[in-house]
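**Student:** A single structure is presented below for examination.
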């Protein structure tokens, strides 16, 4: 969260948010009214946290200077209204279709998203598809990892330490159907939710059974 950072680091990130093309150390120092050395120290920390990317060096009249810009992760620090819009949409769908209809709609939506990754899964065995599914999930803002099963010969399981729509799922438990449909479509198996953050578990844990 942005609030967890120091005030100067927050202001530095806000300056880069306002300047989509990125800024140099000199420009940031002038904007923040601090020394270039201080800016470099903050940039080093923020880059290490993954909040900054290095842009193409640009000429500023002398030697080309390194430019920095917000990374995708950095943009994620700033509040968006996706949850508000999604909540309005889900409530409207629930009113129109009822609980079963909403669940079916989310199932279809998850399958459609999975279909967009069909080529990425082509030719892979089930266990390989599960590992690749983790990579796909992490591009969609999940913090997921594959875990080797306890039973010999069983398929790997996936654990996600975050719920990307926690508040929505708390209001609409049917939202979890999207995850199940997405993971079933990606892995070519039947995904089963064994643990759920919404229900108080420390992770969302998905296991997989061959055959849908």
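**Student:** Which ordering of 137, 1 is given by a fewest-first count of other beta-carbon atoms within 10 Å?
**Tutor:** Values: 137 21, 1 7.
Least crowded to most crowded, the residues run 1, 137.
**Student:** Taking 0.36 nm per residue of separation and subtracting the Cα-Cα distance, what length does fully extending residue 30 through residue 167 add?
**Tutor:** Working: separation 137, 0.36 × 137 = 49.32 nm, distance 4.02 nm.
Gain on extension, residue 30 to residue 167, equals 45.3 nm.
**Student:** Roughly how many Å is it from the Cα centre of the stretch 1-34 to that of the stretch 139-155, as a whole number?
**Tutor:** Taking the Cα centre of each part, the stretch 1-34 and the stretch 139-155 sit 38 Å apart.
**Student:** Could you give the length gained on full extension between residue 40 and residue 95, defined as 0.36 nm per residue of separation minus the Cα-Cα distance, in nm?
**Tutor:** 14.5 nm
**Student:** Can you classify the stretch 70-119 as rounded, prolate or oblate using the Cα gyration tensor, where a ≥ b ≥ c are the square roots of its eigenvalues, rounded means a/c under 1.5, and otherwise it's prolate if a/b beats b/c and oblate if not? Please report the intermediate quantities before stating the final value.
**Tutor:** On the way: a/c = 5.22, a/b = 1.35, b/c = 3.85.
It comes out oblate by the Cα gyration axes.
**Student:** Can you give the extra length, in nm with one decimal, that the chain gains between residue 127 and residue 194 once fully stretched, where that is 0.36 nm per residue apart less the Cα-Cα distance? Show your work: numbers first, answer last.
**Tutor:** On the way: separation 67, 0.36 × 67 = 24.12 nm, distance 1.81 nm.
Result: 22.3 nm gained on full extension.
**Student:** With the chain treated as a Gaussian network of Cα nodes joined by springs under 10 Å, which of 134, 192, 43 yields the largest mean-square fluctuation?
**Tutor:** Among 134, 192, 43, the largest mean-square fluctuation in the Gaussian network model of the chain belongs to 43.
**Student:** Next up: Compute the acute angle (0 to 90°) between the alpha-carbon long axis of helix 82-115 and the principal axis of greatest extent of the alpha-carbon atoms of the chain; round to the nearest 10°.
**Tutor:** Result, in degrees: 80.
**Student:** For the stretch 70-131 and the stretch 169-207, what is the separation of their Cα centres, given in Å?
**Tutor:** 12 Å
**Student:** 222 nm [θ] for the chain, helices only, -39500 (n - 2.57) per DSSP H run of 4+, per residue, to 500? Display every interim value, and only then the final one.
**Tutor:** Details: 9 runs with 107 residues, N = 212.
Roughly -15500 deg cm²/dmol at 222 nm, from the helical runs in the chain.
**Student:** Would you mind computing, in nm to one decimal, how far apart the modelled labels at residue 138 and residue 66 are, each placed 7 Å from Cα along Cα→Cβ?
**Tutor:** Result: 2.4 nm between the two label points.
**Student:** Continuing with the same structure: Please report Rg over Rh for the stretch 2-75, where both radii come from the alpha carbon positions and Rh follows the Kirkwood definition.
**Tutor:** On the way: Rg = 11.4 Å, Rh = 12.2 Å.
Answer for the stretch 2-75: 0.93.
**Student:** Continuing with this model, one more query. Using a Förster radius of 45 Å, what is the FRET efficiency between residue 85 and residue 210 based on their Cβ-Cβ separation? Nearest 0.05, please. It would help to have the intermediate numbers written out before the result.
**Tutor:** Details: r = 37 Å, r/R0 = 0.82.
Plugging the Cβ-Cβ distance into 1/(1 + (r/R0)^6) gives 0.75.
**Student:** Run the simple label-point estimate for residue 54 and residue 115 please: 7 Å along Cα→C-beta, distance reported in nm.
**Tutor:** 4.3 nm
**Student:** Relative to the longest principal axis of the C-alpha atoms of the chain, give the angle of the C-alpha long axis of helix 36-48, reported between 0 and 90° and rounded to the nearest 10°.
**Tutor:** 10 degrees
Every read-out reported here was derived from the displayed coordinates using simple, explicitly stated rules and does not represent laboratory data. Remember, it's a predicted structure, so these values are computed and weren't measured experimentally. Cβ sites come from the backbone with ideal geometry, for glycine too, and all protein chains shown count toward neighbours.
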